[in-house]
Structure formats: C-alpha cells, structure tokens
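J.: First, the structure itself, so that you have it in front of you.
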Amino acid sequence: MTVEQPALHQRCHTQPRSAEENYVYAQIKEITGIDDERVIRRAITACQDRDGKYEIENVVTMLLADDFVHPALKKKSGTTAVPSIVVQEDAVSDVKAGTNTVDARPRRVSSERETTSQGTQEAGAEGATARKSGNVIDLTNENASSSDLRKAIVASLQDSQGILGGQVSREEQDISRVLEQSLAESKAGTKRKRGDIWFVDPLNPHERKRQDDCPVGLKNVGNTCWFSAVIQSLFHIRRFRHLVLNFHPPNESDQGNGAESRNLRFMTELRYLFGLMIGSHKKYVDPSKAVEILKEAFSSSPSSSGVGESQQDVSEFQHKLLEWLEDAFKADTSCPSSPEQQHAEENSSVKKMKNPMVELFYGQYRAEGTNEGKGFSNDETFGQFPLQVNGFRDVHESLEVATAPGVIETISGNTTQTSGQELWFTRLPPVLTFELSRFQFNQQLGRPEKIHNKIEFPQVIYMDRYMCCNKIETRHRREQVKKLREELSVLNTRLNKFNHYGSGSKKVPLQDVLSYALEFAQSKPDHYSSLPQDVEMESPKPQSDVTMVTESSPVKSPGTDVTMTPATPPRPHRTAGVTSNPAPRHITDGELQVLQDCLHRWRTEVEQDVRELQDNINILEDTVNKMYSDEAMQRYPYQLHAVLVHEGQAASGHYWAYIYSTAKERWLKFNDITVSEASWDELAKESVGGYHNASAYCLMYVDKSQLQQTDLVDIDQVGKDLDSLPKDLKESVILDNKKFEEEILDWDNEQARKAAGESASAAETKPVASTSTVATQTATVYYPAVHASLSVTDTADAVASVVDKEVFSIKDPEPALNNVIDSELRRVEQVVRSLHTKLPVEDPRLQHPVVYLRACGAEKRVCHGIMCEQVAYCGLLESEERYKALKNTALRRVNTSEKQDRDRCMFWHEKYDKFRKLVYWFVQGVRYYNEENYEKAMPYFLHLYEHNRKCLSEYGPGGGLSKKIVMYYRRHCMLKLNTVMTNRFEDQDDVTDTLHVMNTHMLPCLQPMTHSSSPEDTSAMEVVREKWCAFLGQEISARKIEKLQDFMSKLFDPPNETRPPALPTVLLQDLKDLYRQYVNVIDHAVNSGTVEKALSGL
C-alpha cells in the first residue's frame, strides 16, 4: 500500500549559526542520514523546552520515526526487499503490459544450464513496456523498462545507518530481535558506529550452554538476521549440509581469480560454521567471518551501494549464495551430493561430473507460446521461482496465473497478431523454493514499499498440474475449470442481485425488503393525541382553484363556509396526528390479507432461489477445488520445509525462519540465537500476511517422495552427525568446545572464590543479559557456589585427609574424588542421625546443605551430585596442585552431568534456600520480639508459620523449624501486640492507625487460628476478643464506636482473603553468618526459659 505524505511547505528563516550549532547539525546528519536542514530545524524546534534547550537524542529519535519526515527527504533508506533482476537479451520480452506471463527470472546460466531454443522462431526484442499503475512500478514484472529497473534498484539499495526505528512494534520479541551487535565489533581495533544496536554475550557461560540436542542458533552480528534465516533453512537440509561439510577446496595456487578465491574462502568459513552448528556445546555460535566475506562482496559491488551495512533481502542473498556455492563446487565436482551417493560412488569406477548444487536447487521449465504470431519453445533453468502476492488468495492461484497461457492481441497495420506463453516444469529440484514478491516501487515517493496482503500456502503442495508430462491432462482440466468458473460467475451475479437489491447506493437483501414490507403492512398506527388541532380560518375559494385534496390540503367542513387548514409547520408542543412508528393510515382486512399472502409467498420463493443458488455455487466451488485432488494429480508432492518471515517495512525490519522437523513432526522457530518450538497456527499467523507487518518472503519445499527414501531433511540427526564430521572439522569443533569448557571452569572457579568471601560485594552473583534495548547486567544468586561456601572448611579438611593419606595421582584424580565424596557423605549421615539431640539449640542443617537434604529424605544420587559441587566450588583448594586437580575434576564432572541430574540438584538448592530464609525470618522476628517491637515482629511470625507448616507437611520434622516454638512466638506476639493496640485505642482520639494495624497484623493471625486444634491458640483468641468487647460498655465517642463496630465484625469473623504485610526481600548478605545469628537468638530463648515453655505447650 502506497501512503503519500504531504510535502513540507514551511519556509525556514535561516540566520548565521554558531560553530557549536554547525557541529550539532553535522552530528544529526551523520546519525540520521537526513540532509534537509529544514526538517532538522523542525525537529529541533519540536524538542525545545521553554528555555530553548533540547537533547540531541530526542531530535534523532523524532527524525527516525516513520511518521515524522517525508521518506523522500531521507538521503539513505534501508536496504529493501528487491530481488536480483537480470534482463536476458534473448528472453521473451516483446509481450506488452498486461500479459499473463511468468517472471521466472532466469539468471546467469552455467554450462549445465544453457538455454536451448526449439521452435519456429526465437523471441527477440530487448526490454519491454513497464506495467505501471499510477506512479508505482511493479518490479516483479520482467517486462519493466531497463531505466525504471535501474532507478528502482539503485534507490532501493542505498545505504542505511539507522536502527529499526519503530518498524518492529512487538515488545515481546526475543532478545535476539532487539540486541544486534555490529559485525565490526568482532574485529579487533574497530570503532563502534552511531545507531548500532548491540548484543552482549552473557558473562555467565552457563547461560550460553546448549540444552541437550536443541539446534544451535546464530548470533546476530549487526543486521544479519537475513543471514541466519537463510543459513538455518539450508543447514537443516541434510543433503546440503553433507555437501558443504565434505567440500574439498583446491590448493591456493588453483583458486583462480578474485571472485573464485572469495567463493572458496566463503565455503571454508561455511564449513567451519556448519561444523560448530553440529557439534558445539554452545546454544549459539558466531558467524562473523562468513558474514564479513559476504558484506565485503556486497559493498564492493557497483550495484549494491551500501548493502554491506544494511539488512539484506532474503531472496537476494539466497540468489547470491547459491551462485557462489555453484561456482565453488565447480572446483570440487568429485564431491558426492548425499551420503547415499557417496556410498554408491565408492563402489563405482565412474563418477558423474555434475554440480551437486545445481542438482539440489535448480529445476527446469519449458516456455511455450507465440510472439507476434510466431511460435517458440524455450527450456529455461530456474532456482527460486517468483510468485506474485497481489490479487491472489493462495499459492496455487498465483502459480496458475504464472504458468497458464495468457494471450494478447496486437494490431500492426491491417494485421492482428497474438502473443503469449505458458510454462511447464520439465524437472523439479529436490528443494523447491518459491519467492513471494512482497514489494513494489513507489516512483513518486522514491522508495520501495512492502505488500502486506495475505496469501495462504499449504503444508503439502502437489505440483502435478504444472508438470510438462501432464500438459494435455492439465489443459483439459483447466478448460473444465474455466467453464465452471464462468458458471460460478453467472450464479454469483444472480445471487448478488438477491443479496444486494435496490437501485440506490444502499442495497439490502431482497428477503429483508420483503420482510420489512410485510412488517410495515402489519403495523398498527399509534393512538392519536386528543389535543385540539390548530386551524387557520380563510375565505372560501372558487371550486376551480381546488383541483386536488391531499393530506396537507385544506379540508372543507360539511355544511359550513369555513375551510380548516392544519397549521404549517405544527408547533413543537402540539401533536397533529403524527405516529411514532411508520404504519399504513388506511388498510382494510381484505387488502392486508392479500398483501400478506403475496409477501409471504414471494419471500418463500426468494429464500428458496437464494438457497438453490448457494447450493449450486458450493457444488461448483467444491468441484473446482477438487479438480486436482485425484490420485493421478498427486504424484509430485512437496513437503513444506521452511518459511522465511520478514517483519517490518521494505526498508528495514527483521527476519526469522520456521523449519519443520519431520522426525518429531513439529515446527521450530529460528530467531537468531533463540530456537523454540512453534505451532502451525503461530506460523500461519505470522506468515500469511496482515499481522504486525509480518509475512513470509520465501517458502522452501522439499520433495516428499525423497524424504521417505533418503535423508534429505532431518533436523533431529544434526547432533548425531558429529562423529561423521571430516577430521579437520571434528578437531576444530573439539578445540572450540575445549575452550568453552575452560571458560566455564574459570567462571566456576571465580564464583567459588567469591562465594568463599574473597569478593564480598559481588561474591555470589552471576550476570545475565538484559532483554532491554541497551544490554545491562543484573545479578541473580548462583546457589551451588553459595551453598558450597557454607561448608568450605569441612570440604577442604576432607580433601586434605584423603589426598594426604592416599597415593594420589594428578593424572587420574577420579578415585580420590570419589573417596572424598564418600567420606563426607558418611560424616553427614552421622550428623543427621544425631540431629534430634541437637535441635533446637544447634542446627547443623545451616552448616551444610547435604545435612538438610538427607534430613528431608532427598535421594542419594542428588546428595552425591551436590557433594561433588561442594568440592568443585571450594575456594580453599587453590593452594596446592593436588587439591586444584581434584577440584577441576569435580568441576568437569558437574558440567558434564546429565541435564535431569542438574535440574534435580537445582530443585534441592532452591528448597534449601527457602529453608535458610525461614530461619532468617525466625531470627528477625525473635529479635524484634525481644526488643518489644511487636508490630514489626508480627509479620515475620505470620509468614514463618505459614511457610514452615508447608515444609513440615512435605518433608517431615527435618524440613523446617519446631512447630511448637513457632506457634509459641506467634501466639505471644499476638497477645502483646493486642495489649499495645488496646491501650492506644483507649488513650487516643484518632484511632485510624490503631485499627489499621489490627486489620493488617491481627486479623491475618486470627483467621488461621480459628481452625487450630491448639487449646492455647483458642484461649489466646478469646483474650483478644474480650479486651475489645470491654470497650462496648464504656463511654467513648460516637466516632470511636462507629469504627469499633466495623472492626468487631471482622474480629469475630476474620475474612479469608486477609493477607499479612509483605516482608522485605531477603538479600544474600542478610544470610551471611546465618548459623551464628540463629545460635545467638536461640541461646537467649533458652536462657529466658522461652524454649522450655514453648516445648511444654505454655
């Protein structure tokens, strides 16, 4: 859709600017690419405050907004979705505008793809008349004039340095969609450009670890989502992957000219990238080196000004990529196209010299027709087959128009000549790619525009009707479809006359017209007003002057000479025989009966006619839809493999890909670094068009018959191909994984040292990447290292005991590590068995996480894993080489453990962390209680009681604190707080704050007590209520009585939805020395006799 914005007519009164202003203008021009100073001045004026000051960032943001500046005023627009267009001189191009011919876009033809002519005459004539609509040039038509094409391509490929600028409107997009890092940053010594959006790798390498066999994502290294979308789609074609991985580049001396050398360098980097995508332990890999070669090639191309710095069109990039790969494989024609072919050729002495890229991606069609009355037949090779979007409901409709014959007549002198052609596929490639033409060039605005129209596509498409072998049958069926559509057109026209009846602009269904007429005829007039009617008196007129008496004409009263005429207009406060609902003034019963019979009959007849028309239309449409559904026309099935989606406008946006897993029958969404499962509904919503400016640009189908016979496509085999990698790639992948493992070890060592207290402020945190536009670092607790610091001394003693007593080998520290873990587990078991004798005065669970786990009945496998973490993250094992070797072995074991084991260990880490927070709440509550600050103590006891009850019910006595002690403190804190509040109520005139505390602190305590079986709790509730009831017999103000009565109703029937006040967040430093804090408060409770009273039930 072309949207023309009005030109700016405001005059800008210029005056000499200072050097500082000139510098500001130069900065804004550099960042935005806008040279028109009137536009910049307009933005500056809009951003100025009352003092005339403004922020440059606000000006830039406004200028980059889509709706602020006329697009034609921008010097640099983003790279557009313009596919490569090469006009062949021998193409059939003399067909004038309006011909239904296909733009198959035959590109540079190799020796295997030479065009052959088989007809009476080859079509001549370079160029053609452009099919224009107003000021819009449709670039998808090959018949466009060369000047228009050049103008469109040059304008659409201008450089863009702006960011996405509002084109991407969905805030919930994945982090990879908004955090894009410039490719230049990956090169040492380069300088960051203005406007670049950055992606920062998470500092914690654990967050970059690959999950199980999940496919690997690709990092966005600076507007390279187009690269990720295409490469992922091709990578998951196993035959293509095999070709790339087994490519054997020639010697450097045989690499030929610059273009050939560049292609081979790209193939080398692509091989390495594919190797990492198969065997990497990272969740995403960096494609910078391959992208750099591509961008250098694009930027050096004379027709691609600035392309290297902007987003590429998927189709354009895929065209170029396949060309490069085709050229590269000319130098490696011995490479087998599939594992099966490799096996077959190993047993054969003759190897076919075919280019495997051509065999995999390129097909052939035959163009037959006439040009100015002379027949022709050309065989052409195609890679990506272009399909129009405008005016078509689905892919089949577009294919029909692209391949079916379209004939036009031209008059030359006294002769009439015909021109036209039809296309028939003679060979389809295993991978069939459709390029959806979703753009047009607006000549007036000087920019391309995206087409957001919907076009549907099937998951399985049958290509039989377009095959040359079915030419005769297809022509016959097309004639049948043509006749059926003509019948449909007639029926739809008749139905439209019924459904849109009338001669005016407002038309309604004829059934409704008849129903309205019947309703009107059956309506009864409302009761007339009994008020007197205003009349005017006038003299009688001659009879000749009165020619007709109408509703508004004067009416002569019988027997008088006075003529009564209704006042005109009637006065507003009078009713002169006007009804509120339309109804016939006079209708007899006989007339009404006849009219009812006619209207009922006519409406029945019309409804029957409409129903018959609709039934006939449905039958014809069903026949048309099933015209190619028989078995004879379903022998060339193609399964949808990938859908490449673009969101945004022609000049900017974002690409991602949906790829189908045949083994698991599921769709996967590849969005840069993020790989996630997706449903067909989600895919269709984001691909067919019309949703958030998102639509499919490219559809990739694979031959379904080959899917069942060979390993053409199989996402789930990716992780299993590591062992089959060529030796050089396998070594590279292993080396990269080793570096990543060392990075993880270094990170874990650092976290262990911090957890041990070497860096208190940032000790026990790990950074994570923010999902905001600016990458920031936030901190979250890393439980394994934190909990390992609690028992660091015990762990170091256990390691020293084993290493010093045994014969220890640094080369094989596994046996010693097992001995350390086993000895520590035995010690923990002894502590757990004696736990009941130490609680509550001592609580060894706070000193070692495994003590808590065993007290809760955690499985031994989990305890063994967490005990291994205790060694791995022990910060006291760096002093001696043997200790360090043991620690690194434990770290390696932790990092290579099964995912389900890691998840289970993390589950218990979280449980242990909750227990420690319970203890902290207990400590804080008791401290405030001892300080007689019962208002602050009460929320801690309320939360403590509720969460402690859940822990005890789930894991038994070992899962929480003593129930009796917790209940004692809650009960006595409630009684003391109630005493304080009743005293305040009695002494103060304004009791609003006092009753607020009772509502927020007391009612949440009383509500669970109403269900308590403890007699002590019941007695405490009665004491509370009695104290408040005592006020009812006292003389207090009416205001107090009103508030008291409202509170008393809640006091005796506490609402269920009452919740205690929220507690402050427990920070990591709050839990430091938690065992010592607990011992201090529990010693005070023992010495004061509180523990004894609590355990005895007082």
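The values are calculated or read from the model by the stated rules, or taken from the named source; none is laboratory data. Quick caveat, the model's predicted, so the values are computed rather than measured. Positions of Cβ are backbone-derived with ideal geometry, glycine not excepted, and every protein chain shown enters the neighbour counts. Only protein heavy atoms, including side chains, enter the accessible area calculation; ligands, DNA and RNA are left aside. Shrake-Rupley method; radii C 1.70, N 1.55, O 1.52, S 1.80 Å.
J.: Here are some pairs, K482/K507; K976/K1043; K739/K911; K320/K626; which of them have Cα atoms lying more than 28 Å apart in this structure? Before the final figure, lay out the partial values.
T.: Values: K482/K507 30 Å; K976/K1043 22 Å; K739/K911 33 Å; K320/K626 39 Å.
Table pairs above 28 Å Cα-Cα are K482/K507; K739/K911; K320/K626.
J.: In what sequence, highest mean first, do 859-869, 896-906 appear when ranked by Cβ atoms within 10 angstrom?
T.: Values: 859-869: 19.5, 896-906: 13.4.
Per-residue mean Cβ counts within 10 Å order the peptides as 859-869, 896-906.
J.: So, one more: Ignoring ligands, DNA and RNA, what percent of the accessible area of region 992-1098 is carbon or sulfur (1.4 Å)? Present the calculation step by step, with values, prior to reporting the outcome.
T.: Numbers: 3120 of 6070 Å².
After summing per-atom areas, the C and S share lands at 51 percent.
J.: Excluding ligands, DNA and RNA, what is the solvent-accessible area per residue of region 805-934 at a probe of 1.4 Å, expressed in Å²? Don't jump to the answer; show the numbers that get you there.
T.: Values: 6080 Å² over 130 residues.
For region 805-934, the per-residue accessible area is 47 Å².
J.: Same structure, new question: What net charge is computed for the residues neighbouring N933, neighbours being all others with C-beta under 15 Å from the C-beta of N933, Lys and Arg scored +1, Asp and Glu -1? Don't skip to the answer; put the middle values down first.
T.: Working: positive: R927, K936, K976, R984; negative: E931, E932, E935.
After counting each charged neighbour, the total is +1.
J.: Taking all protein chains as present, what is the carbon and sulfur share of the accessible area of region 221-290, in % to the nearest whole number, probe 1.4 Å? Kindly include the intermediate steps, with their values, before the conclusion.
T.: On the way: 940 of 2170 Å².
So the carbon and sulfur contribution to the accessible surface is 43 percent.
J.: Return the carbon/sulfur percentage of the accessible area of region 932-978, one whole number, probe 1.4 Å, all protein chains in place. Please report the intermediate quantities before stating the final value.
T.: Details: 950 of 1880 Å².
Carbon plus sulfur share of accessible area: 51 percent.
J.: For a test of the definition: using alpha carbon positions, the gyration tensor, and the 1.5 limit on a/c, classify region 466-509 as rounded, prolate or oblate. It would help to have the intermediate numbers written out before the result.
T.: Numbers: a/c = 6.80, a/b = 4.52, b/c = 1.50.
Prolate.
J.: Using a 1.4 Å probe, what is the accessible area per residue for region 210-299, in Å²? Numbers along the way, then the final one.
T.: Values: 2880 Å² over 90 residues.
Solvent-accessible surface per residue comes out at 32 Å².
J.: For region 880-1002, what does the relative contact order come out to in percent, with C-alpha contacts under 8 Å and a separation of six or more?
T.: Numbers: 75 pairs, mean separation 23.7, N = 123.
Relative contact order here is 19 percent.
J.: Under the definition of Cα pairs under 8 Å and six or more residues apart, what whole-number percent is the relative contact order of region 803-953?
T.: Working: 105 pairs, mean separation 30.0, N = 151.
It rounds to 20 percent for region 803-953.
J.: Moving to a separate point now. Applying a 10 Å radius around every beta-carbon, put 422-428, 217-223, 1009-1015 in order of their mean neighbour count, most first.
T.: Values: 422-428: 19.4, 217-223: 25.9, 1009-1015: 11.9.
Per-residue mean Cβ counts within 10 Å order the peptides as 217-223, 422-428, 1009-1015.
J.: Rounded, prolate or oblate for region 851-928? Axes are the square roots of the Cα gyration tensor eigenvalues, ordered a ≥ b ≥ c, and the cut-off for rounded is a/c under 1.5. Walk me through the intermediate numbers first.
T.: Numbers: a/c = 3.00, a/b = 1.57, b/c = 1.91.
Cα axes put region 851-928 in the oblate bin.
J.: Then there is this: Take H586 and E207, extend 7 Å from each Cα along the Cα→Cβ direction, and tell me the distance between the two endpoints in nm.
T.: So the label points at H586 and E207 sit 9.0 nm apart.
J.: Among 235-242, 973-980, 501-508, 735-742, what's the highest-first ranking by average C-beta atoms within 10 angstrom per residue?
T.: Sorting 235-242, 973-980, 501-508, 735-742 by mean packing, highest first, produces 235-242, 973-980, 735-742, 501-508.
J.: Which pairs in the list K811/K884; K450/K685; K914/K963; K899/K1072; K811/K887 are over 20 Å apart, alpha-carbon to alpha-carbon?
T.: Details: K811/K884 12 Å; K450/K685 18 Å; K914/K963 17 Å; K899/K1072 30 Å; K811/K887 13 Å.
Beyond 20 Å between Cα atoms: K899/K1072.
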